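The values are calculated or read from the model by the stated rules, or taken from the named source; none is laboratory data. In this text, all values refer to a predicted model and were calculated from it rather than measured experimentally. Positions of Cβ are generated from backbone atoms using ideal geometry, with glycine treated the same way; all protein chains shown enter the neighbour counts. Just the protein is used for accessible areas: all its heavy atoms, side chains included, with ligands, DNA and RNA removed. Shrake-Rupley method; radii C 1.70, N 1.55, O 1.52, S 1.80 Å.
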Number of protein chains: 2
Amino acid sequence: MTDQDSARRPKYQRIADELRDAIRSGDFAPGDRLPGENDLMATYEVARMTARQALSVLRTEGLAEARKGAGVFVRVFRPLRRRGIPRLAGDHWGGGRSVWSADVEDRELVVDRIEVGEAEAGARVAEALDLPPGAPVCVRSRRFVLDDKPVLLSVSYLPADLARGTRITERDTGPGGTYARLAELGRRPVRFREEIRCRMPTAEESEGLALELGTPVVLIDRTAFTEAGVAVELNEMTLDSSSYVLEYDFGA
Amino acid sequence: MTDQDSARRPKYQRIADELRDAIRSGDFAPGDRLPGENDLMATYEVARMTARQALSVLRTEGLAEARKGAGVFVRVFRPLRRRGIPRLAGDHWGGGRSVWSADVEDRELVVDRIEVGEAEAGARVAEALDLPPGAPVCVRSRRFVLDDKPVLLSVSYLPADLARGTRITERDTGPGGTYARLAELGRRPVRFREEIRCRMPTAEESEGLALELGTPVVLIDRTAFTEAGVAVELNEMTLDSSSYVLEYDFGA
DNA sequence: CAGTGGTCTAGACCACGCG
DNA sequence: GCGTGGTCTAGACCACTGC
């Protein structure tokens, strides 16, 4: 009766299917504990590794997370909405607020792992900023942590001759951030290009964003241009995909 | 000598690290065959499952793919560039071309699994189209296959009272596609909102897009609005993330 | 300290694909 | 046909968590 209909589908997949259905149907709500390895071994009369493999399917699908010594739990999602276009409107950061204040509202935002320095432009950076390869660039990297969860890694590149001697090279760039400083230099960014990619994280990204198994990252490469069409900044962002919904509004 | 520096890192991780480094450094180029399970067992003197686990790390990272009976290979990427904004400019589809011709250029595009029908709006569709829940909607679903690789699943919803009696309810919507028909009805879409999410695929998505292990999907929900601000279409798209780079250009 | 998940071994049989 | 990866078993020891 129970294994007559197995129909060539591997046991671990069938177990995963049942658990997945139970999650989707609401039998297990976000945050609930799922049956553990021992439970599955008993219920389905399978070996340890088979039960493990079933759970690993759900984890790599991003549906479940394992907590050592505690159990396996249904994952909880609470994505942030990131509005691609109005957030960069001049009247946001122009008024002394960072572009971030548009996103986070009443949640607790911490910026850490701030590093500022100078380096030689690699091929990609040089091309984006229209500089000769090896040209000096100001590099600003930082991490954004929202309610104790890291959500974004950001590395920003600017031509060094533009940034030197300004607060852009300091840890705190001042009110309105880098874009306000650029505006003061007569290089106000008015046009932007964002390129979006998505893939599984590297080990470093996984560590830096404290990612669960089965969580992709979103890469946003934003180039900022002045009215004259000169690229003044390349910002490479790495987002925890489970923490974000991106939104773009535009006319035809 | 070889395991003195193991430093608590699991064997399978150390093996995966070495292979990953070899890939990144170019010792294995895209498409190359990697050492198989038996090779790793011999080289590192580990059990089968340990070698397997090492390879599975690379696969879930999206760096390698297994071909049954053949071996494990370094994955090859050739993403399409999808320009979010100019592709929807009226002069593209207005001239009788589909919005797709902007993306694919000289590659072979096949559209299959076309289904057109009517259904009752679920909660999300009803909200997006500003209809009462359960209202009849026209549903158009299809799959785009580029050079024999499926890259996008699309399901489009329109208010049924708008679509009925037009070519929108036929398999072939005619020159310029759905948007050109809407324009003829006096409901020309002029504003768009795209919401972007990213996650691991469900089993159905994985099948429909023929995804490798370790390949996330990108979800784009696009709502089209008329000049009067009325939502006339919701298009839910599911993309193979390894096949796409999304691009958005906009001013501040 | 009892139970959990994490790692690892040493076997087995199978289906598939390439030569 | 032989080697490949895919599935599965029945054990083992460990580290961590929570009671």
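Using the crude model of +1 on Lys and Arg Cβ and -1 on Asp and Glu Cβ, and no other charge, please compute the dipole size for region B:11-74 relative to its Cα centre, in debye to 20.
On the way: 10 positive and 10 negative charges, 53 e Å.
Result for region B:11-74 is approximately 260 debye, rounded to the nearest 20.
Straight-line reach from B:LYS68: which lysines have a Cα under 29 Å away, not including same-chain ones fewer than 8 places off?
B:LYS68 reaches A:LYS11, B:LYS11, B:LYS149.
Return one whole number: the accessible area per residue of the protein assembly as shown in Å², for a 1.4 Å probe. Walk me through the numbers on the way to the answer.
Details: 24900 Å² over 504 residues.
Per-residue accessible area for the protein assembly as shown comes out at 49 Å².
Given all pairs of different Cα atoms, what value in angstroms does the Kirkwood hydrodynamic radius of region A:129-211 take?
Working: mean 1/r = 0.0668 Å⁻¹.
For region A:129-211, inverting the mean 1/r across all distinct Cα pairs yields 15.0 Å.
How far apart are the B:VAL111 label points across copies, placing each 7 Å from Cα toward Cβ, in nm, shortest first?
Spacings between copies for this position, smallest first, are 4.6 nm.
Residue by residue, what Karplus-based ³J(HN,Hα) values in Hz, rounded to whole numbers, does region A:70-75 have, using 6.51, -1.76 and 1.60 with θ = phi - 60° and x for Gly and Pro?
Working through the residues one at a time gives 10, x, 10, 10, 6, 6 Hz.
Which net charge results for the neighbourhood of A:CYS198, defined as the other residues with beta-carbon distances under 11 angstrom from its beta-carbon, given Lys and Arg at +1 and Asp and Glu at -1? Can you show the working numbers first?
Values: positive: A:ARG197, A:ARG199, B:ARG197, B:ARG199; negative: B:ASP240.
So the environment of A:CYS198 carries a net charge of +3.
In Å², nearest 100, what accessible area do chains B and A bury in total when the solvent probe is 1.4 Å?
The summed interface area works out to 3100 Å².
What does the charge add up to near A:ALA231, with Lys and Arg as +1, Asp and Glu as -1, over the other residues with Cβ less than 12 Å from its Cβ? Can you show the working numbers first?
Numbers: positive: A:ARG187, A:ARG191, A:ARG193, A:ARG222; negative: A:GLU127, A:ASP130, A:ASP221, A:GLU233.
Within the 12 Å Cβ shell, the charges total 0.
By how many nm would the segment from A:GLU115 to A:ALA22 lengthen if fully extended, with 0.36 nm per residue of separation less the alpha-carbon distance? Intermediate results must be reported in sequence, preceding the final value.
On the way: separation 93, 0.36 × 93 = 33.48 nm, distance 4.55 nm.
Between A:GLU115 and A:ALA22, full extension yields 28.9 nm more.
How many percent of the accessible area of region A:145-252 is carbon or sulfur, using a 1.4 Å probe?
Details: 1880 of 3950 Å².
Result for region A:145-252: 48 percent of the exposed heavy-atom area is carbon or sulfur.
For chain A, what relative contact order do you get, as a whole percent, if you take Cα pairs closer than 8 Å and at least 6 residues apart?
Values: 438 pairs, mean separation 44.7, N = 252.
Reported relative contact order: 18 percent.
Kirkwood Rh over alpha-carbon pairs of the protein assembly as shown, then Stokes-Einstein at 10 °C and 1.306 mPa s: what D in µm² s⁻¹, rounded to an integer?
On the way: Rh = 25.4 Å.
Translational D for this selection: 63 µm²/s.
If Lys and Arg each add +1 and Asp and Glu each add -1, what is the summed charge of the other residues whose beta carbon sits under 15 Å from the beta carbon of A:ARG20?
Details: positive: A:ARG9, A:LYS11, A:ARG14, A:ARG24, A:ARG59, A:ARG75, B:ARG199; negative: A:ASP17, A:GLU18, A:ASP21, A:ASP27, A:ASP32, A:GLU61, A:GLU65, B:GLU204, B:GLU205, B:GLU207.
Around A:ARG20, the charge tally is -3.
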